[in-house]
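A short worksheet on the structure shown next.
A short reminder: the numbers here are calculations on the coordinates, not readings from a lab. Computed from a predicted model, the values in this text were never measured in an experiment. No Cβ is skipped: glycine too gets one built from the backbone with ideal geometry, and neighbour counts run over all protein chains shown.
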Ligand SMILES: Cc1ncc(C[n+]2csc(CCOP(=O)(O)OP(=O)(O)O)c2C)c(N)n1
Ligand SMILES: [Mg+2]
């Protein structure tokens, strides 16, 4: 199968969906001539013109708000937040407007939009350009939240996001854009809310998402050398969340580690731990382990940042704790 | 002026309906039928009526928690509006939105909004939608004086200007943002002056003159429909009641309230119709009787409506 980068896979998804649906409108900073600072929208201005690939002022609240208005009136906008950290600047429009409009209207309006953004650390971007915010997006009812880890998933999930009639927060990772992976030429989509077992195993269930999936797979490989069989599940979406796949795995392995790059405190790991003990308490043979970023702002200096963010070693330690 | 006697009577009837509707709301609020907070537009009916009379049904509109008048004027059924306020299943949002979230896409009402300034960028998006479709629809957003100091609002003005969006920014300057005089919160004389910095033409109008409001809005609507871009209208108005029920109003004098009350359009406008436009007293009285009858029906409908069932709770989150 041919290989694409994560960025290319995303671009292909956007292109196919824009060809398919003339109502898709892109809005964002530097997304046109420059193609976005991570080059995901490269070439789209030339292909679709400035009406559909709309360069905006540096006004996140303004253009996310405009996207809500576009969505409520028959368009399918894709506002791009250059860094997820800027979601705070547009927070009212995301959390109070996009997420609640349908509910507050008793179902009278729809808000079909895909807020594309990227998050995460590991590049020395410091505290205002390195956060992982899926917990925040997940906490507020009304948004679906998608975090692909591979080029294949990035394409299939983004295409599905565009086929939804709901506000979707589509969260990429800045260190994944250059990663490569198989992406078939034929069209495909991946339904939102389906986790994927990226590596099957019997001894420990390891749930992760976004770039942490790559760490998880590395850790699983290393444990295999030691004779421990890890089942690595990529959550892919936090809303809707595929709890069933996790429970099924835990009923088999009786041990669970959850790893993510967002802060550990009240993170997805905490939620999954709570859900699993509610639904599968009798199947657990060890306390659930959570791996996440330390609860501090993300520091700049390399040796500090690498300790704050969870890496393969942190995951290995957690696995070793649950198998004793 | 292109308003005839029939238009003017229609405007009066609408104004009166809004006033009676809001007075009924106050009553329902006081006896506990309406929950949360209620922000009546009593005293500001002329802006709703004057501006909305210049709109088509398919134009888009966003407004604020003080937007009952604009919502009704845009075409929201007062029965559904009142049922919404009482939290009933027949409400325009099935009782899930309440006073601050009237929405009716069938008449272009894209929502009242409880966040100051937030409706403006949404209305710009709707305007862009119409522009992209090549339809001569316009979008209007109503906001208070307080909204001009919100970042999202400034961003919306700029977006509308650079996109040449068919939108009218309609400021109801009632001199106070909640309990704070706007004069203390800006360093300009008229809020309309803000627009120049965004390259948007602006006009200040007497907010107690429905005809002047209609004409100013119509000019802005015509400009927007013909591709001339956004306009900022500042209507100088006044609420004759507190910000919300329970407001003790220490921030303004009785004299100031009395001065505006003396000009209350709900009395001044019908008088003017009689004096200047050949409307008879009998016609005014007929309009009043019609509104009273309609309101009786509105109240009965709302009170007779069922509560929403519990299985509604988790509905309408996703499409
Ligand atoms: C972002 C935000 N900040 C504060 C409030 C609380 N609040 C509600 S109404 C209001 C005053 C707004 O004044 P203005 O815009 O002049 O509108 P008016 O009530 O006079 O119609 C305030 C501060 C809010 N709803 N939203
Ligand atoms: Mg005010």
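See the values below:
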item	result
Helix axis angle, A:6-20 relative to chain A longest principal axis, alpha carbon, degrees	40 degrees
Convex hull of Cα atoms in chain A, direction-averaged projection (nm²)	16.3 nm²
Angle in degrees between helix A:60-72 and the longest Cα principal axis of chain A, rounded to the nearest 10	80 degrees
Max mean-square fluctuation residue, GNM over chain A, Cα-Cα springs under 10 Å, options A:52, A:290, A:123	A:123
Relative contact order of segment A:3-182, defined on C-alpha pairs under 8 angstrom at six or more residues apart (%)	27 percent
Angle between chain A longest axis and helix A:151-163 axis [Cα atoms, degrees, rounded to 10]	50 degrees
Label point distance in nm, residue A:279-residue B:89, each placed 7 Å from Cα along Cα→Cβ	3.1 nm
DSSP-defined antiparallel bridges as percent of all bridges, segment A:167-324, nearest 5	20 percent
Cα-only Debye scattering, segment B:135-240: base-10 log of I(q)/I(0) at q = 0.09, 0.20 Å⁻¹	-0.21, -1.01
Taking A:306, A:105, B:226, B:177 and counting other C-beta atoms within 10 Å, the order from fewest to most	B:226, A:306, B:177, A:105
Chain B: calculated mean residue ellipticity at 222 nm from DSSP helix runs of at least 4, using -39500 (n - 2.57)	-14000 deg cm²/dmol
Candidates A:58, A:168, A:115, ranked by Gaussian network fluctuation over chain A, Cα under 10 Å, top entry	A:58
Segment B:77-133 and segment A:49-77: distance between their alpha carbon centers, rounded to Å	20 Å
Ascending count of other beta-carbon atoms within 10 Å, so fewest first, for B:145, B:311	B:311, B:145
Gaussian network model of chain B, Cα within-10 Å springs - most flexible of B:24, B:271, B:254	B:254
Sequence-separation-based contact order of chain A, relative, with Cα cut under 8 Å and 6+ spacing, percent	16 percent
Segment B:41-198, relative contact order in percent, only Cα pairs under 8 angstrom and at least six apart counted	20 percent
For segment B:216-319, the Rg and Dmax computed from alpha carbons only, in angstrom	21.4, 56
Over 50 Å [Cα-Cα, the protein assembly as shown], rounded percent	21 percent
Bridge type composition, chain B - antiparallel percent by DSSP, nearest 5	10 percent
Computed Kirkwood radius, in angstrom, where 1/r is averaged over Cα pairs of segment A:3-182	16.0 Å
Helical mean residue ellipticity (222 nm; -39500 (n - 2.57) per DSSP H run of 4+; nearest 500) of chain A	-11000 deg cm²/dmol
Volume in Å³ per residue [convex hull over Cα atoms, computed for chain B]	133 Å³
Among beta bridges that DSSP assigns inside the protein assembly as shown, antiparallel share in %, nearest 5	15 percent
Alpha-carbon centroids, segment A:210-233 and segment B:255-288: separation in whole Å	79 Å
Ranked list, fewest to most other Cβ atoms within 10 Å of each Cβ, for A:263, A:139	A:139, A:263
Cα pair count fraction exceeding 18 Å, expressed as % - segment A:196-322	47 percent
For segment B:18-79, radius of gyration divided by Kirkwood radius, i.e. Rg to Rh on alpha-carbons	0.99
